[in-house]
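First comes the structure, then the notes that go with it.
Here, each number is a calculation from the coordinates, and none is a lab measurement. Not measured: the values here are computed from a predicted model. Glycine gets a Cβ as well: all are built from the backbone with ideal geometry, and neighbour counts include every protein chain shown.
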Amino acid sequence: MNNKNTSASQGIDWFVVWLYAILVAIGILCIFMVEYKPGTDWMQTFVSGKTNYSKQLIFTGLCIVVAIFILLADSKLFTAFANLLYAFGILLMFATFFIGKSINGSKSWIPLGGGFNLQPAELCKIFTALALAKFFSRQETDFSKLKSQIIGVSIALAPAVLSHFQHEDGLALAYLSFFLVLYREGLPPQILIIGTTFGVLVVATLILEPNTLAIILTAIAVVTIYFLRKQIKRKKNILLIILSVWVLAVGIQRFAVPYIFNNVFECYQSTRIYSMVGKDYDCSMNRHKSKGNEKPARKPDDYNVRQSKIAIGSGELFGKGFLKGTQTRGKYVPEQHTDFIFTSLAEAFGLFGCICFLSIYLILLNRIIRIAERQRSTFSRVYGYSVASIIFFHITVNVCMTIGLFPIIGIPLPLISYGGSSLLTFSILIFILIRLDADRQMVLR
Amino acid sequence: MSVFNQSRSRVIQIIFAAVFIVIVAQLINLQAFSPKYRLAAENNAIYRKVIYPDRGIIFDRKKRSLLENTIMFDLVVTPSESKGTDTLTLCNLLNIDTADYKKRMREIIFKNTSVRPSVFEPLLTPELYAKLNENMYKFPGFILSERSARTYPYNTAGNVLGYIAEVDTSFLRRHSDEHYEMGDYAGMTGLERVYEKVLMGQRGIKRLIRDNKSRLQGSYQNGLFDTAQIAGKNLYLSLDVELQQMGEKLMTNKVGSIVAIDPRTGGILCMISAPTYNPNYLTGNQRRKHFAELLLDPRKPFNNRAMGNMYSPGSTFKTVSGIIGLTEGVINEHTTVTCNGAFQGCGTGKPKCLDKGTFNFKEAIAHSDNTYFSTVYKRILDQPRYGGADSALKVFNKYAYTFGLGHKLGVDLPTEQKGNLPVSSYYRKLFGPKWYSCNIISNAIGQGEVQTTLIQLANVMAIIANKGWYYTPHIVDSIEGGDEYKMLESFKIKHYTDTNIPDSIYDAVQDGMQAVVDYGTAAASSIPGIVMCGKTGTVENYAKVNGKMVQQKDHSFFGAFAPRDNPRIAIAVICENAGQGAWAAAPIASLLVEKYLRDSIKGKERQDKLEEFTKKNLIPYLMRLEMNKRDSLRQIKEAQLLMQQRMSKEAGDTLENEDGTDQEIIKPVAPKPAKDAVPKTKNTAAAILVNDEKKHKKISRTL
């Protein structure tokens, strides 16, 4: 509070700002690589505002303006408006059901006029992060209690549920990243463990034959019982637990997973997940099949992944060089300027470049966690973790998707992918954190 | 506060690090250990454009080009850019309707997407090209793209030159190591095929980057890996265009073949296989139609009869049996044999002879006395010093081999047959181990099992002219820039017949052959002022008709060389089913010899002869029947088509009207006597086959 009169730049973590600037610059160059056509005057196209890289430059300018505003703002503002903004965000998401506009099959956009569209789910990430921080910073919140846990999870997942109903599952998935924050703040680790186990079980179900998997699960149960036979003699409950876990596991692989794929996921989602493990998915089993006017099931829908892997793999150790990527120039990878932007970088700069690039991200994430940990106020810390988790989750899902470790889902690469909303969201997220960090001596409520 | 749950901060950092390690591991897997992705990327994005060099040109002995390259134009369209095209004008120019236009567009888009250029109308005629070129501004998305095509300024030597065609899958399989690709053109027959390597040149490769829709985006690495194309080499032939043209003219409406060789070099002066075709019919946009037509022609115009057909050589073979007889001493020049109408040596009264009397060697050749040469042949086979017919035949064949008979000569054209010199094992099978000379006496006069190709016969004439040596007959004299592939080496080797044969024996044979032309069987074909040596042949032949072998009209043969001193041309002619050698083959040969030696036909009498033989129609009877059948089939088809059209047009017409059309249509279907067909055949032949001045014109068919 005493520092209020001094320069606005005081306390700002310039290291994060620099990392931010480097990443945004890399992003623009990547988009430039994708769009570049030999023989055109690139200086001119950069300022023309017609190409995507030029637009991204404009968005960057906009982000700088917004960032300056955030840095000039009072950090109390964010705590004060956190809940209100969250409520506003949820309201906007509800509004999309009525005034929303469909783009690429997801009804999650609100037209703003002038050709611009707003995706509330994107903005809601910021609001959710703030609201979650606000919730934890309340004096009365005791996260060891179940009630608080439920409230915390609800705050994090409410926008996700809404997003799912807008057919924006990529964005919905992003909200799962808040579990990392919840974990940091005291969520029992069992939830993460159970969640991971469930994930492993689903993947195993996809890869292995149902019967083989059942036999393996049974074998694991039998071996466990054998090793724990002395404890079981003393406590009969353990046997019961093991048996029920076994029944649950077999039940999941036998019934739950097929149910999820046939009834919860859309046909195309199931197909993508199956194609990731190299299998065909029979869409005729899907409940959603008859609903829409979808095309009949085609061969495994792995063109994107295949081309993406080809582009990345052909980069080899040191890449083909800036603007020399044949796959990038040939536009083989679909959506290369947005979701598959990583491929252009990997093709041009190879393994070496990828590792350098990912290191920048890793340094940024570590820095954000360091920042979060040095906060005196819970609000700032929780918020810091939210930022780190969101960014981490985006990077993981996006990069894993391009290298074939994750099914294809529309999630941008933070600060790199083309797109105003995404760039703006991440900028706001980061700069609010920088602002909060600058005031870390204060205890915010 | 800040220490709260700090251990979990570590856990989160570990999770971050772990995930990054997984990602990096997969990146290492993809980028460092999976070379397949680099290959896949190259297959994807690098388009290896083959740059075709110009094919070599073929010149005749006087450096006149028998075939050349011209530029033809294709109308090429990129459908996605063709919006705003003046469809109506285009359709009018191309003479199609808009429905057809739309159909073609649909097909193009279906086959080759709408963003890539595809051929809309191939090989435009010059007039159409000119018209389109004026109007191109009205047709956005359309361009006129050039391509190289063959053209034949002399409309001649189709069988010799061969044709090029797009390679098909079986060709690619057979030539898998020669880097052909779908869409390439390659020589399929004739010289184009044999000298493909030379004519083709070396293709260049340009590496271009293409995008996901196969649109080209520019050169790869600024052409660092590109290779330049090298033009095909020209061929210089020993062929004489004028002689070839005259030969083809003379063989109009005849079935047969002519081969003329320069005995001094073995260079082929002309090679005619009749009926032949105008090679220009196999270029241009009507190629497919013409090709089918020629392929189905019962006269088999694609068959090179000069080397692909084997004939019994008939009496022309007597020169060979005579030489062998003289060399082996079973006769000498003064030996006389009397013929009373038939050869009695075997008691069968066969073969018969035409001229009765007593002949010495010279006269026997001059009058083609069957008895004389049957006697010679029998004497050779019955010579006790050989120890039996088996070894006697072996001796005979050993001589015959050195005359280039019974094996492929190695002419530089495809489809050469080796002929047949029967061996004793064959006769053992046929007649048992105790076969003897009388079993095979008809070989003496070139009937029986002895078979030769016409080019072998011409070569025998060259050997006699040279008195005992020959160069392998060949068409290509030299290759521009040297014989890189050693294709002409074998034509520089001088082959000798048995050295036991003294020149005096050749002199005796030449005496006889001169007598043939001077006053013998071919006296009518003598050329005033040129000493020509020749030998006629009249060959009995059979054809299968309804499963039975039926004797056909004799084949007419003539082999000759001229002039006797310093011979410059050796020639062999066959005219199938044209009767005696002197009736058709001999006059044709004499006209060609005169043409070659004198450059023109001198004197009105000879000119008339040229005219007469050009006009003669000697298409064999069976073939005429075939052609007839085909023509009437075609008529039926056309009549049906016509009927359909009329039916649909005049569906509501009166009964009489329909009756009228029916009669009119059915009439040509009714079988006609063969005689009626002759003039019609002539018309068709004149239209399709060579020697008409029309070039690229539609075939006019008279119905």
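Averaged over the residues of peptide A:36-48, the number of Cβ atoms from other protein chains lying within 10 Å of each residue's Cβ is 1.
Among complete DSSP H helices in chain B, those whose alpha-carbon atoms stretch at least 24 Å along the helix's long axis and whose mean Kyte-Doolittle hydropathy reaches 0.0 are B:6-32. Which one, A:Tyr303, A:Ser427, A:Pro414, projects farthest toward the positive side of the charge dipole computed for the stretch A:298-445 from Cβ point charges (K/R +1, D/E -1)? Going by the charge dipole, the pick is A:Ser427.
Amide H to amide H, with H built 1.01 Å from N, B:Asn234 comes under 5 Å of B:Ile57, B:Glu480, counting only residues 5 or more places away or on other chains.
From helices alone, chain A scores -21500 deg cm²/dmol at 222 nm; the rule is -39500 (n - 2.57) for each run of n ≥ 4 DSSP H residues, then divide by the residue total. Site pair B:Gln607 and B:Lys637 shows an inter-label distance of 4.4 nm when each label is modelled 7 Å from Cα along Cα→Cβ.
For the stretch A:195-289, what is the charge dipole size about the Cα centre, in debye to the nearest 20, if Lys and Arg each add +1 at the Cβ and Asp and Glu each add -1 at the Cβ? Kindly include the intermediate steps, with their values, before the conclusion.
Working: 11 positive and 4 negative charges, 153 e Å.
Approximately 740 debye in magnitude.
Here the simple spin-label model places points 7 Å from the Cα toward Cβ, and for B:Asn222 and A:Leu72 these points are separated by 4.9 nm.
One chain, two ends: B:Ala524 and B:Arg106. Fully extended at 0.36 nm per residue, the span grows by 143.8 nm beyond their Cα-Cα distance. As an equivalent ellipsoid, chain B spans semi-axes of 62, 36, 25 angstrom, where each value is the square root of five times an eigenvalue of the C-alpha gyration tensor, largest first. Among the residues of A:393-403, the average count of other protein chain beta-carbon atoms within 10 Å of the residue beta-carbon is 3.
Hey, got the dipole for chain B? About the Cα centre, +1 on K and R Cβ, -1 on D and E Cβ, debye to the nearest 20?
Working: 92 positive and 73 negative charges, 325 e Å.
Magnitude of the dipole: close to 1560 debye.
What's the average, rounded to a whole number, of partner chain beta-carbon atoms within 10 Å of each residue's beta-carbon in A:304-314?
That average works out to 6.
For the residues A:Val247, A:Val16, A:Val153, a GNM of chain A with alpha-carbon springs under 10 Å puts the largest fluctuation on A:Val247.
Sorted fewest first by neighbouring Cβ atoms within 10 angstrom, B:Thr348, B:Thr327 come out as B:Thr348, B:Thr327. Legend: calculated FRET efficiency, A:Lys324 to A:Val153, from the Cβ-Cβ distance at R0 = 41 Å, rounded to 0.05, equals 0.30.
Which peptide among B:491-502, B:593-604 comes first, and what is the full order, when sorted by highest mean count of other Cβ atoms within 10 Å?
Numbers: B:491-502: 14.2, B:593-604: 16.7.
For the peptides B:491-502, B:593-604, the packing ranking is B:593-604, B:491-502.
For B:Gln645 and B:Lys36, what is the calculated FRET efficiency with R₀ set at 45 Å and r taken between the beta-carbons, to the nearest 0.05? Working shown, then result.
Details: r = 60 Å, r/R0 = 1.32.
The computed FRET efficiency comes out at 0.15.
Rounded to 0.05, the FRET efficiency of the B:Ile15 and A:Ser48 pair, given R0 = 41 Å and the Cβ-Cβ distance, is 0.40.
Think of each Lys and Arg Cβ as +1 and each Asp and Glu Cβ as -1; about the Cα centre, that makes the dipole of the stretch B:1-140 roughly 660 debye.
For the pair the stretch B:195-246 and the stretch A:185-217, the centres of their Cα atoms are 62 angstrom apart.
When both the stretch B:417-472 and the stretch B:599-619 are represented by their alpha-carbon centers, they are found 33 Å apart.
Pairs over the 30 Å Cα-Cα cut-off, from the set B:Lys63/B:Lys602; A:Lys279/A:Lys324; B:Lys62/B:Lys254; B:Lys289/B:Lys604; B:Lys233/B:Lys467; B:Lys36/B:Lys486: A:Lys279/A:Lys324; B:Lys289/B:Lys604; B:Lys233/B:Lys467; B:Lys36/B:Lys486.
What is the packing order of peptides A:213-220, B:257-264, A:407-414, taking the mean over residues of other C-beta atoms within 10 Å and listing the highest first? Present the calculation step by step, with values, prior to reporting the outcome.
Working: A:213-220: 15.0, B:257-264: 27.2, A:407-414: 23.1.
The most tightly packed comes first, giving B:257-264, A:407-414, A:213-220.
Need one word for the stretch B:282-392: rounded, prolate or oblate. Basis is the Cα gyration tensor (sqrt eigenvalues a ≥ b ≥ c); a/c below 1.5 gives rounded, then a/b vs b/c decides.
Working: a/c = 3.28, a/b = 2.56, b/c = 1.28.
Since a/c reaches 1.5 and a/b is larger than b/c, the shape of the stretch B:282-392 is classed as prolate.
From most to least packed by mean Cβ count within 10 Å, the peptides B:478-485, A:425-432, B:40-47 give A:425-432, B:40-47, B:478-485. Counting every Cα pair in the protein assembly as shown, what percent are over 51 Å apart? Counting pairs separated by more than 51 Å, the tail of P(r) holds 52 percent. Computed from backbone phi, the HN-Hα couplings of the stretch A:173-186 come to 4, 4, 5, 4, 4, 5, 4, 4, 5, 4, 4, 4, 8, x Hz, rounded to whole numbers (Karplus: 6.51 cos²θ - 1.76 cosθ + 1.60, θ = phi - 60°; Gly and Pro given as x).
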